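S.K.: My questions will all concern the structure given below.
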Amino acid sequence: MNPLTGYLLVAALLFAIGLAGALTRRNAILVLIGIELMLNAANLNLIAFWRYGPHPQALTGQPDPLTGMMFAIFSIAVAAAEAAVGLGLVIQIHRHAHTTDLDAMNRMKG
Amino acid sequence: MSIVFYVIAALSVAGALAAVLLKNTVHCALALTVAFAGLALMFLELDAQFAGFAQILIYIGAVAILVVFAILLTRGSETPKDTVYSRNWIVGLVTAAAIFAMLGWAVLRSAPALPHESAAPSVTVMDIGNALMGRYVLPLEIVALLLTAALIGAVIVAMHEKESAK
């Protein structure tokens, strides 16, 4: 089997697990955990394609051998920012509504 | 496919499954750390040393700790007496299964056409640093701005208690 296929299947499985967690759990923090898993699965795809894809030489105007790696690194940085803001929002909602149960958050008006 | 890949993949998938299935929220956070560690090992297995160690530093070192802090601050470790799953969990499960089926079908169908470069790309950390300061300096600045905004935003959102509390 092509090694890339294995990595892509693992990434698809992790993405599906994260999506299932984000869609089925009640706790807002668990939903954020699911979203983090989905982002990580996407990162795994990026790195796997970077490893097994063709590596053009670093000429001007062509993609250099770092493109996939850079994409993953920037994605990790953005995911970290997303986690910080998301968990801050969860904490604030808990202060306001005294719950992190998403089924109980059914009002937009405070 | 080496045996190492199967072990790491099983570790990551088991961690992810435990993270979304366990009842206790603190156990979920710990299982999430296992899944992140498995993914970091997978990055190392893919010859992406920098991304692997960045994954360990950022996810295991920062995001997992952040999740644990959020659980403690929201008292989410108290397991609810009834179910931990949402009212319409069956819809979410079916959606996730359908998406996995579609992704797996697409990957398996396109397996013969996937690229297979046996030689690992020779990328050192020095190359990454040079590229970050050269070709990718504009995205780097944008990420720096985003991280600053997220830092300030997270602090402001989480710090603001009540107007009347002053």
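S.K.: Among the residues of segment B:1-24, which ones are within 7 Å of another protein chain (Cβ to nearest Cβ) and of a type in the set (Gly, Ala, Ser)?
M.R.: Of segment B:1-24, the ones within 7 Å of another protein chain (Cβ to nearest Cβ) are B:1, B:5, B:9, B:12-13, B:16-17, B:19-20.
Correct list: B:Ala9, B:Ser12, B:Ala16, B:Ala19.
S.K.: If the requirement is being crowded, with 19+ Cβ neighbours inside 10 Å and farther than 20 Å from B:Leu22 by Cα, which of these qualifies: B:Phe53, B:Phe43? It would help to see each step written out before you state the result.
M.R.: Details: B:Phe53 fails: crowded, with 19+ Cβ neighbours inside 10 Å.
Result: B:Phe43 is the single residue among B:Phe53, B:Phe43 that is crowded, with 19+ Cβ neighbours inside 10 Å and farther than 20 Å from B:Leu22 by Cα.
S.K.: For segment A:1-26, how many residues meet the condition of being modelled with pLDDT under 90, surrounded by fewer than 23 Cβ atoms within 10 Å (Cβ to Cβ) and within 13 Å of B:Ala19 (Cβ to Cβ)?
M.R.: 0
Residue by residue, here is whether (1) assigned by TED's automatic domain parsing to the domain that holds B:Tyr6; (2) at pLDDT 90 or above; (3) within 26 Å of A:Ser75 (Cβ to Cβ) holds:
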| site | (1), (2), (3) |
| --- | --- |
| B:Leu22 | yes, no, no |
| B:Leu30 | yes, yes, yes |
| B:Glu78 | yes, no, no |
| B:Ala97 | no, yes, yes |
| B:Val107 | no, yes, yes |
| B:Gly134 | no, no, yes |
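S.K.: Suppose the filter is crowded, with 17+ Cβ neighbours inside 10 Å and either at pLDDT 90 or above or in contact with a helix residue (DSSP H, G or I) (Cβ under 7 Å, 6 or more places away or on another chain) (or both); does B:Phe5 pass it? It would help to see each step written out before you state the result.
M.R.: Numbers: crowded, with 17+ Cβ neighbours inside 10 Å: yes; either at pLDDT 90 or above or in contact with a helix residue (DSSP H, G or I) (Cβ under 7 Å, 6 or more places away or on another chain) (or both): yes.
For B:Phe5, the condition - crowded, with 17+ Cβ neighbours inside 10 Å and either at pLDDT 90 or above or in contact with a helix residue (DSSP H, G or I) (Cβ under 7 Å, 6 or more places away or on another chain) (or both) - is met.
S.K.: Please list, ordered by residue number, the helices (runs of 4 or more DSSP H) wholly in segment A:1-104 having 3 or more residues that are aromatic (Phe, Trp, Tyr). Before you say what the answer is, go through the steps one by one.
M.R.: On the way: elements: A:3-24, A:28-52, A:67-97.
So the answer is A:28-52.
The values are calculated or read from the model by the stated rules, or taken from the named source; none is laboratory data. Small disclaimer: the values here were computed from a predicted structure and weren't measured. Reconstructed Cβ throughout: ideal geometry from the backbone, glycine too, with neighbour counts over all protein chains shown.
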